[in-house]
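Structure in structure tokens, see below.
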Amino acid sequence: MTSSSQGSVLISGGRVIDPWQNLDAIADILLRDGRVAWTRTGTNVIPDLPADTHRIDAAGMVVTPGFIDLHCHLREPGQEHKETIESGTRAAARGGFTTVCAMPNTEPSIDTPELVKSIFRGAAATASVRVLPIGTITAGRAGRELADLGGLAAAGAALFSDDGSAVANDDLMRSALVESARLGLSLSQHSEDPDVIGNAVAHEGEAAKELGLPSASAEAETNIIERDLKLLAETGGRLHVAHASTTGAVDLLRGARGRGLPVTAEVTPHHLTLTDRALLGERGPEHGWPNGRVADTSLRVNPPLRSEEHVNALVDALREGVIDAIATDHAPHSAQDKAGGFAGAAPGISGIETAFGLLMTALVRTGRIALPALIERLTLGPAKVIGTAADTLGLRGLTPGAAADVVVLDPDRSWTVRSEEFASLGKNTPLEGCELRGMVTHTFVGGVQVYAAEEQSVAHGAARS
Ligand code: DOR
């Protein structure tokens, strides 16, 4: 991070929610030289500040640590027509995310220390927010032999994942967990059993039946999680369940937690808020959203959208903390990748810019999760999963001396999703035309304003990891 010419920023009078300090109060915050200088509650007296202090009146707003995304696809190298580090991190800044972990299912996949370093270099040149590369678990994500996990970790990989596919081979997964134990880094597993999925593109249920889509049962997910938990109990290490989407996953996680196993999990905004009825056009009548297209290819995602029972279990698990983090699985694709039929469309949703508004509208406004808990799952929850990497970056919420990664949120402001306004090159959103209530208005990384809603501006290259 550069720290010159950042000056001071005073954010005053907002409702400050900081999970690191268990704080939820009206407070003022001063950012100075890239760090949080102080957070003050209960006084209207603000000490003398340098004349050039940038002041933000946050009355009526919510002020929190910047969000941390454990799972996003920046598509570099090799798929720059879908996204780049520059466009993806500008999208992240608009979404309130100040640190993003970049998935390695690129072309080539990030399976060598040199490639990890190249992501850091790309981020230093073009990123608006902090980028933490994720290294693959197996060489080339091919599932045949382990990648050099030690080398990837030494180069700065924050996690390991073959996202897009599960590590299906038991022996390989066992060896990966042994390495994970040695290195103290988590394996983020894409839990879909290839033998169960076959050519499925949807969740087994009414919607898939009505549309005649090949579908697979929720066992695709639980088979892998169950196997991984057994291996974890044998070997130790750190397992992180990526994009959990089923009641079975929640049950397994709850049981494993009870037995004290070192497992964490994330859930995506779309799995928390949309059911497979959306494939039939029923997008969110309870929020007043208009019907969507039937079999809209923007709903084609892995794992697939599931039934209400699954969605409810995920929301409960998130609220209870059985699921630690919300991760966007921001998966931008080109219009061409999403053209044609549902079954042929590339899986994934461009979701980093809609995450906060969607979660506020569908979960907080409806009373299903309290705002402080939501903020915890977007900040401290994910920080714990990446552990050392978060510590090294100084991601310690709004405590004095922490990196000044801060967002200002307007909890009441309504806006309509228009993908043409996305910074992301991926316009593949199932929320086109939906009104969301809850908006990110300012994003700071290391004390530098990288996004302000009014100005629609982003300081390119302001944040260097
Ligand atoms: O829907 C998905 N898209 N799920 C994944 O696991 C991979 C991702 C992608 O890379 O597009």
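The values are calculated or read from the model by the stated rules, or taken from the named source; none is laboratory data. Computed from a predicted structure; not experimentally measured. Using ideal geometry, Cβ is built from the backbone for each residue, glycine included, and neighbour counts are taken over all protein chains shown. What goes into the accessible areas is simple: the full protein's heavy atoms, side chains included, and nothing from ligands, DNA or RNA. Shrake-Rupley method; radii C 1.70, N 1.55, O 1.52, S 1.80 Å.
Only residues that are of a type in the set (S, T, N, Q) and within 19 Å of residue 363 (Cβ to Cβ): list them for the range 298-314, please.
Within the range 298-314, 307, 312 qualify.
Next question, about the same structure. So, of the residues in the range 105-126 that are in contact (Cβ under 8 Å) with a residue 40 or more places away in the chain and among the acidic types (Asp, Glu), which turns out to be most open to solvent (accessible area, probe 1.4 Å)?
Checked the range 105-126; the qualifying residue most open to solvent (accessible area, probe 1.4 Å) is 114.
Need at least 3 residues that are of a type in the set (Val, Ile, Thr) per element, so show me which strands (runs of 3 or more DSSP E) inside the range 27-130 make the cut, counting only ones lying wholly within it.
The strands (runs of 3 or more DSSP E) meeting that bar are 35-41, 62-65, 97-102.
A further question follows. I need the full set of residues from the range 271-286 which are more than 22 Å from residue 246 (Cβ to Cβ) and either modelled with pLDDT of 95 or more or within 13 Å of the ligand (Cβ to nearest atom) (or both), in order please.
281
Separate question: Taking the condition of being modelled with pLDDT under 50 and either outside any loop (DSSP other than H, G, I, E, B) or under 21 Å from the mean Cα position of the chain (by Cα) (or both), how many residues in the range 443-459 meet it?
The qualifying residues number 2.
Listed residues 191, 161; which is within 15 Å of the ligand (Cβ to nearest atom) and in contact with an Asp or Glu (Cβ under 7 Å, 6 or more places away or on another chain)?
Numbers: 161 fails: in contact with an Asp or Glu (Cβ under 7 Å, 6 or more places away or on another chain).
So the residue among 191, 161 that is within 15 Å of the ligand (Cβ to nearest atom) and in contact with an Asp or Glu (Cβ under 7 Å, 6 or more places away or on another chain) is 191.
Now, a different point. Restricting attention to the range 283-292, which residues are open to solvent by 40 Å² or more (accessible area, probe 1.4 Å) and touching a helix residue (DSSP H, G or I) at 6+ places or on another chain (Cβ under 9 Å)?
Within the range 283-292, the subset open to solvent by 40 Å² or more (accessible area, probe 1.4 Å) is 285-288, 290-291.
Residues satisfying the conditions are 286, 287, 291.
Let me ask something else. Of everything in the range 63-91 that's under 16 Å from residue 326 (Cβ atoms) and more than 15 Å from the ligand (Cβ to nearest atom), which residue is surrounded by the most Cβ atoms within 10 Å (Cβ to Cβ)?
The qualifying residue surrounded by the most Cβ atoms within 10 Å (Cβ to Cβ) is 65.
Hey, could you check the range 378-392 for residues that are hydroxyl-bearing (Ser, Thr, Tyr) and in contact (Cβ under 8 Å) with a residue 60 or more places away in the chain and say which is farthest from the ligand (Cβ to nearest atom)?
388
Residues that are within 16 Å of the ligand (Cβ to nearest atom), hydrophobic (A, V, I, L, M, F, W, C) and surrounded by fewer than 18 Cβ atoms within 10 Å (Cβ to Cβ): does the range 165-181 have at least one?
Checking the range 165-181: at least one residue is within 16 Å of the ligand (Cβ to nearest atom), hydrophobic (A, V, I, L, M, F, W, C) and surrounded by fewer than 18 Cβ atoms within 10 Å (Cβ to Cβ).
Can I ask one more? Which numbered condition in (1) of a type in the set (A, V, I, L, M, F, W, C); (2) within 16 Å of the ligand (Cβ to nearest atom); (3) assigned to a loop (DSSP other than H, G, I, E, B) is the only one that residue 185 fails?
Every listed condition holds for residue 185 apart from (2).
Please state which one of 141, 130, 94 is open to solvent by 30 Å² or more (accessible area, probe 1.4 Å) and under 30 Å from residue 415 (Cβ atoms).
So the residue among 141, 130, 94 that is open to solvent by 30 Å² or more (accessible area, probe 1.4 Å) and under 30 Å from residue 415 (Cβ atoms) is 94.
Next question, about the same structure. For the range 214-249, what are the residues that are within 15 Å of the ligand (Cβ to nearest atom) and farther than 22 Å from residue 327 by Cα?
216
Additional query: From 307, 334, grab the single residue that is more than 14 Å from the ligand (Cβ to nearest atom) and polar (S, T, N, Q).
When all the criteria are applied, what remains is 307.
Which condition number does residue 322 fail, the rest of (1) part of a loop (DSSP other than H, G, I, E, B); (2) more than 16 Å from the ligand (Cβ to nearest atom); (3) surrounded by fewer than 18 Cβ atoms within 10 Å (Cβ to Cβ) being met?
Of everything listed in (1) part of a loop (DSSP other than H, G, I, E, B); (2) more than 16 Å from the ligand (Cβ to nearest atom); (3) surrounded by fewer than 18 Cβ atoms within 10 Å (Cβ to Cβ), residue 322 misses just condition (3).
Looking only at the range 344-377, which residues are assigned to a helix (DSSP H, G or I), under 29 Å from residue 201 (Cβ atoms) and away from the ligand (no atom under 16 Å from the Cβ)?
Scanning the range 344-377 gives 356, 357, 358, 359, 361, 362, 363, 377.
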